Every structure is written in structure tokens, then in C-alpha cells.
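**Q** The structure that follows is given in the form of C-alpha cells.
The values are calculated or read from the model by the stated rules, or taken from the named source; none is laboratory data. Remember, it's a predicted structure, so these values are computed and weren't measured experimentally. Glycine also receives a Cβ, built like all others from the backbone with ideal geometry; neighbour counts cover every protein chain displayed. Each accessible area value is taken on the protein alone, full model and side chains, heavy atoms only, with ligands, DNA and RNA left out. Shrake-Rupley method; radii C 1.70, N 1.55, O 1.52, S 1.80 Å.
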Amino acid sequence: MRRTICLTCAVACLALCGASLRADAANIWLSLNLDPTVKGDLNSGGTWTVVAKADESGIASVVLHLLDDSLNFDPGTGFLTPAGFEVETSAVFGLTLEIVQGDDLSDPTLDVGVIGGSYGSTYVDDPQLMVLAPNPDLGSFTGGVELATGTYDPGDTPAWASGSDGNVFNAVSQAIAAGVHTTVRAVVPEPLSLALAGMGVCAIAALRRRSLI
């Protein structure tokens, strides 16, 4: 237990305090993928999964911040921690679920999340995944890595909270701070995608208003 706490603190410190080592090309992209129980109905509840991709020599650590009142997460089944990552922990702070995953740096596992890199990946985007406006289109995540999963209840729409952070390994296996970019995508069968894009905007806006009350 003591070792786990120390490793978690080390990863968190890297994620939060490594700005001086930030490289211009160091980035981690995160997608919150939603798979509704009733395809085409974002209000039907369903499953959420966070997937990631990265540049440089892959993810060294990542801190995910998600709105806790819009999702369910079971640490016993929800971690999809990449092989070679020794740290995985979660906690709820107010309305924010924080999930921490990473390498303990003793024997770096490289290219995690690097599309086409040496780390083996089986993740493939569902062809019906659509970006929910106003989230940015961060491109394909096929070849990236799954990090965490859970469910959400009918009437809820999972969303990112502020503060997600992370580090990547550089060319000499040194952990450096990364820019973190997030989006939300949903499995939407055609021809409902345009209509549900608008519904997604309304649902996310309503959820964020609730979180501020």
C-alpha cells in the first residue's frame, strides 16, 4: 500500500509540476467515447470509454478529470491500464472523478498511445463514432490505447471536467510535460448524426450548468 501511494504521488507530481520540461511537440489527445444503450439516443444511458493517443515516445503518465455526477466508475473493472504501467488509482473530489495512470519510471514502457509505434495496440475506432459539438475533432484514435471505462445512467451525458494533465517520454526516455487535448465522441448511426450533434450540445450544456449549482 505504501509503495502504491508513493508511486501515485510520483506520477501526479510529474503530471502537475513538469512544465519546465515541456516540449513544443509533446501532446496527449484524449477522447471520451460514448456508446448509448439505444443507438442514436444519447439520453438512454450506456457505456463510456476514455481512449488516448500521444506523440514523442508515448504516454508516461496521465491524469483524467471527468464530471462525476454524469458517470459510474468501478475501480475493480474500470481500469484499462496499459501493460507496463505500474500506477493506477482513482478518487472523487467534489464533482470531479480523478483517474491517475502511469509508468513508475524504473523501467520505462515506451510508445504507449503512439499510433504506429512499437507498443502493441488493438484499439480501433468504431466507424460510427461522431464528434459531439462543440468538442474539437482530434482525428482518428485507431492505434491508440484504452485507459478507463464505465457506464452512465439514462438522462446523463458524460463530460470532461477541467484539469486533465499528463506527461510523455521524449527521445531519451525522460518524462516531460505534455499538452493535453480532449474531445467527446458518440456512436451515432446515420442518418441521425446531424440531429444528435445538436442534442449533444444541449445535453452537455445542461450537465455543466448542473455541476455549477
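**Q** Is it the case, given these coordinates, that residue 26 is under 13 Å from residue 146 (Cα atoms), modelled with pLDDT of 95 or more and buried (at least 18 other Cβ atoms within 10 Å of the Cβ)? Talk me through it step by step, then tell me what you get.
**A** Numbers: under 13 Å from residue 146 (Cα atoms): no; modelled with pLDDT of 95 or more: yes; buried (at least 18 other Cβ atoms within 10 Å of the Cβ): yes.
Criteria not met by residue 26.
**Q** Looking at the structure I just gave you, is residue 81 out of contact with any Pro (no Cβ under 8 Å at 6 or more places or on another chain) and either open to solvent by 50 Å² or more (accessible area, probe 1.4 Å) or acidic (Asp, Glu) (or both)?
**A** Here the answer is no, as residue 81 does not meet what is asked.
**Q** Right, next: For the structure I just gave you, tell me whether residue 32 is within 25 Å of residue 158 (Cα to Cα) and at pLDDT 95 or above. Before you say what the answer is, go through the steps one by one.
**A** Numbers: within 25 Å of residue 158 (Cα to Cα): yes; at pLDDT 95 or above: yes.
Considered against the rule, which asks whether it is within 25 Å of residue 158 (Cα to Cα) and at pLDDT 95 or above, residue 32 comes out as yes.
**Q** Still on this structure, please answer the following. Tell me, please, whether a residue that is surrounded by 17 or more Cβ atoms within 10 Å (Cβ to Cβ), modelled with pLDDT under 95 and either basic (Lys, Arg) or not in a strand (DSSP E or B) (or both) can be found in the stretch 43-63.
**A** So far as the stretch 43-63 goes, no, none of its residues is surrounded by 17 or more Cβ atoms within 10 Å (Cβ to Cβ), modelled with pLDDT under 95 and either basic (Lys, Arg) or not in a strand (DSSP E or B) (or both).
**Q** When the residues of the stretch 134-162 are filtered to those that are among the small types (Gly, Ala, Ser) and under 21 Å from residue 45 (Cβ atoms), which remaining residue is nearest to the chain's Cα centre (by Cα)? Explain how you work it out, then say what you get.
**A** Of the stretch 134-162, the ones among the small types (Gly, Ala, Ser) are 139-140, 143-144, 148, 150, 155, 159, 161-162.
Those still in the list that are under 21 Å from residue 45 (Cβ atoms) too: 148, 150, 155, 159, 161.
On the way: 148: 7, 150: 12, 155: 22, 159: 11, 161: 11 Å.
Looking at residues that are among the small types (Gly, Ala, Ser) and under 21 Å from residue 45 (Cβ atoms), I get 148.
**Q** So, residue 105, is that one in contact with a strand residue (DSSP E or B) (Cβ under 9 Å, 6 or more places away or on another chain), touching a residue at least 60 places away in the same chain (Cβ under 8 Å), crowded, with 17+ Cβ neighbours inside 10 Å and not in a loop (DSSP other than H, G, I, E, B) or not?
**A** Details: in contact with a strand residue (DSSP E or B) (Cβ under 9 Å, 6 or more places away or on another chain): yes; touching a residue at least 60 places away in the same chain (Cβ under 8 Å): yes; crowded, with 17+ Cβ neighbours inside 10 Å: yes; not in a loop (DSSP other than H, G, I, E, B): no.
Taking the combined requirement at face value, the residue does not satisfy it.
**Q** Give the residues of the stretch 92-119 that are among the hydrophobic types (A, V, I, L, M, F, W, C) and within 15 Å of the chain's Cα centre (by Cα), sorted by residue number. Break it down stepwise before answering.
**A** Of the stretch 92-119, the ones among the hydrophobic types (A, V, I, L, M, F, W, C) are 92-93, 95, 97, 99-100, 105, 110, 112, 114-115.
Result: 97, 99, 100, 112, 114.
**Q** For the stretch 113-125, how many residues meet the condition of being of a type outside the set (Phe, Trp, Tyr) and surrounded by 13 or more Cβ atoms within 10 Å (Cβ to Cβ)?
**A** Looking only at the stretch 113-125, we keep the residues that are of a type outside the set (Phe, Trp, Tyr), and these are 113-118, 120-122, 124-125.
Narrowing the set further to residues that are surrounded by 13 or more Cβ atoms within 10 Å (Cβ to Cβ) leaves 113-115, 117, 121, 125.
Residues that pass the stated criteria total 6.
**Q** While we're looking at this one, here's another question. Six or more apart or on different chains, Cβ under 7 Å: which pairs go from a residue in the stretch 116-136 that's in a strand (DSSP E or B) to one that's open to solvent by 50 Å² or more (accessible area, probe 1.4 Å) and not hydroxyl-bearing (Ser, Thr, Tyr)? Could you list them?
**A** 131/137
**Q** Ok, one more. Across the stretch 73-93, which residue is farthest from residue 146 (Cα to Cα) among those that are out of contact with any Ser or Thr (no Cβ under 9 Å at 6 or more places or on another chain) and either at pLDDT below 95 or in a strand (DSSP E or B) (or both)?
**A** Per the criteria, the residue is 93.
**Q** Of the residues 197, 171, 205, only one is part of a loop (DSSP other than H, G, I, E, B) and either at pLDDT below 50 or out of contact with any helix residue (DSSP H, G or I) (no Cβ under 9 Å at 6 or more places or on another chain) (or both); which? If you could, list the steps in order and put the result at the bottom.
**A** Numbers: 197 fails: part of a loop (DSSP other than H, G, I, E, B); 205 fails: part of a loop (DSSP other than H, G, I, E, B).
Selected residue: 171, the only one of 197, 171, 205 that is part of a loop (DSSP other than H, G, I, E, B) and either at pLDDT below 50 or out of contact with any helix residue (DSSP H, G or I) (no Cβ under 9 Å at 6 or more places or on another chain) (or both).
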